[in-house]
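Asker: Below you will find the structure I want to go over with you.
Derivation of every value follows stated rules applied to the coordinates shown; laboratory data play no part. Every value quoted in this text rests on a predicted model; they were computed, and no experiment measured them. Note: ideal-geometry Cβ built from the backbone for every residue, glycine included; neighbour counts use all protein chains shown.
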Amino acid sequence: MHTVRIPKVIRFGEGALSGTEYPRNALVVTTAPPEMSGRWLDRMGIRDYMLYDRVTPEPSMEDVDRLVSEYKSRSPSVLIGLGGGSSMDVVKYSAREFGVEKILVPTTFGTGAEMTTYCVLKFDGKKKLLREDRFLADMAVVDPYFLEGTPEQIVKNSVCDACAQATEGYDSRLGSELTRTLCGEAFDILHDAIMNGRPENYPYGSMLSGMGFGNCSTTLGHALSYVFSNEGIPHGYSLSACTAVAHRHNKSAFYERFKECVEKLGFGGLDLKADVGAAADVVMADRGHLDPNPVPVTRDDVVRCLEDIKSGNV
Ligand SMILES: [Zn+2]
């Protein structure tokens, strides 16, 4: 028996943003400055809304508490998370406090966060990955409109994350026929979009990837990547090498095609400042990603993967 959870309503494709009707008295939550959010809100055609744009990047429980204390008494009809992961995470966590539904509108794509039951927030200064059914969106609106105006390197990092999530998700031991269908289709679309210059298909591929891996897990590639994140390397960038060596270790059917994508996107090398042994210990503690890996992973395997990443042998 398997369970797959996705948002109740998914509106996607060109025109999704402007073609959706947003309830009056909605509370729009974003990190974007007014000149940017103003453009987006115009495009949405939303009226009589409240705007909260003081979410901090990598938000914490304080962001949630501030939003609730400032706006609860104004009884918004719905919460709208408009932005990247930060805005959506605050909305995912806060909606229950308001007792209203949530609409998620990703303006950067790649993580597929609008499709998942995951929520990342800082507690006492430490990032925590939470997973609860209540974090799922009631409606997700995915429109390639936002691609234009996103810096090229961010687009590349994002699509690399989506490719890593789709392929690791496909291979995850927590997967089912349905998650494999979603992840496999996601990667086919993303691979084609990257290799044949069709970036307008990135958001749809990422969305499918989110629906897929969000209902199973990512694996060794993601486990390896967090030691690079700790040194400030963007998530998607570090996956270009981490997921490639992980696929080689796993003898994944996706290894060659994943590498093709990485090469086409033009990722450079990846350095690790931390001691490899110490980093391997951090990776080994990440059971949430290692336990669902398709093949067992020893500490020696992790050391070898990290050495390969450092020396560019991917
Ligand atoms: Zn990821």
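Asker: So which aspartates and glutamates can residue 128 reach, going by Cα to Cα under 17 Å and dropping same-chain residues fewer than 8 places off?
Answerer: Straight-distance partners of residue 128: 58, 62, 63, 65, 89, 286.
Asker: Let me ask something else. Quick one: which residues, 5+ away or cross-chain, put their amide H under 5 Å from the amide H of residue 130? H built at 1.01 Å from N.
Answerer: For residue 130, whose amide H was placed from the backbone, the distant partners under 5 Å are 119, 120, 121.
Asker: Excluding residues on the same chain fewer than 8 positions from residue 126, give the lysines whose Cα lies under 22 Å from its Cα.
Answerer: 92, 273
Asker: Where does helix 220-229 land angle-wise versus the long Cα axis of the chain, in degrees 0 to 90, nearest 10?
Answerer: 70 degrees
Asker: Placing unit charges on C-beta atoms (Lys and Arg positive, Asp and Glu negative, everything else neutral), compute the dipole magnitude of the chain about its Cα centre in debye, rounded to 20.
Answerer: On the way: 34 positive and 43 negative charges, 102 e Å.
It works out to roughly 500 debye.
Asker: Strictly greater than 12 Å: what percent of every Cα pair in segment 204-244 meets that? Don't skip to the answer; put the middle values down first.
Answerer: Details: 498 of 820 pairs.
That tail contains 61 percent of the Cα-Cα pairs.
Asker: Let me ask something additional. Stretch residue 177-residue 73 to full length: gain in nm at 0.36 nm per residue minus the Cα-Cα span? Present the calculation step by step, with values, prior to reporting the outcome.
Answerer: Numbers: separation 104, 0.36 × 104 = 37.44 nm, distance 4.53 nm.
Working it through step by step, the gained length comes to 32.9 nm.
Asker: With label points built 7 Å along Cα→Cβ from the Cα atoms of residue 132 and residue 97, find their separation and express it in nm.
Answerer: Placing both labels 7 Å along Cα→Cβ, they lie 1.2 nm apart.
Asker: Here's a follow-up. Using only Cα atoms, find the angle between the long axis of helix 299-311 and the longest principal axis of the chain, and express it within 0 to 90 degrees, rounded to the nearest 10.
Answerer: Roughly 80 degrees, rounded to the nearest 10.
Asker: In addition: What angle, in degrees between 0 and 90 and rounded to the nearest 10, separates the Cα long axis of helix 235-250 from the longest principal axis of the Cα atoms of the chain?
Answerer: 40 degrees
Asker: For the chain, treating each Cα as an identical point scatterer without solvent, what Debye log10 I(q)/I(0) comes out at q = 0.12, 0.15, 0.16 1/Å?
Answerer: The calculated log intensity ratios at q = 0.12, 0.15, 0.16 Å⁻¹ are -0.78, -1.18, -1.32.
Asker: Same structure again: Straight-line reach from residue 264: which lysines have a Cα under 20 Å away, not including same-chain ones fewer than 8 places off?
Answerer: 156
Asker: Counting pairs of alpha carbon atoms under 8 Å apart in space and at least six apart in sequence, what relative contact order in percent does segment 9-147 give? Please list the in-between numbers first.
Answerer: Values: 274 pairs, mean separation 40.2, N = 139.
Taking the mean separation of contacting Cα pairs over the length of segment 9-147, I get 29 percent.
Asker: How compact and how long is segment 9-147, expressed as Rg and Dmax of its alpha-carbon atoms in Å?
Answerer: Gyration radius and largest Cα-Cα distance of segment 9-147: 13.6, 40 Å.
Asker: Going by C-beta contacts inside 10 Å, put 220, 290, 147 in order with the fewest on the left. Spell out each step's value before the answer.
Answerer: Working: 220 29, 290 19, 147 16.
With the sparsest Cβ surroundings first, the list reads 147, 290, 220.
Asker: Would you kindly calculate the mean projected area, averaged across all directions, of the convex hull enclosing the Cα atoms of segment 1-84, in square nanometres? Display every interim value, and only then the final one.
Answerer: On the way: hull surface 30.1 nm².
One quarter of the hull surface, i.e. the mean projection, equals 7.5 nm².
Asker: Calculate log10 I(q)/I(0) of segment 152-311 for q = 0.12, 0.15, 0.17 Å⁻¹, where I(q) comes from the Debye formula with a single equal point scatterer on each Cα and nothing for solvent.
Answerer: So the normalised log intensities are -0.45, -0.70, -0.91.
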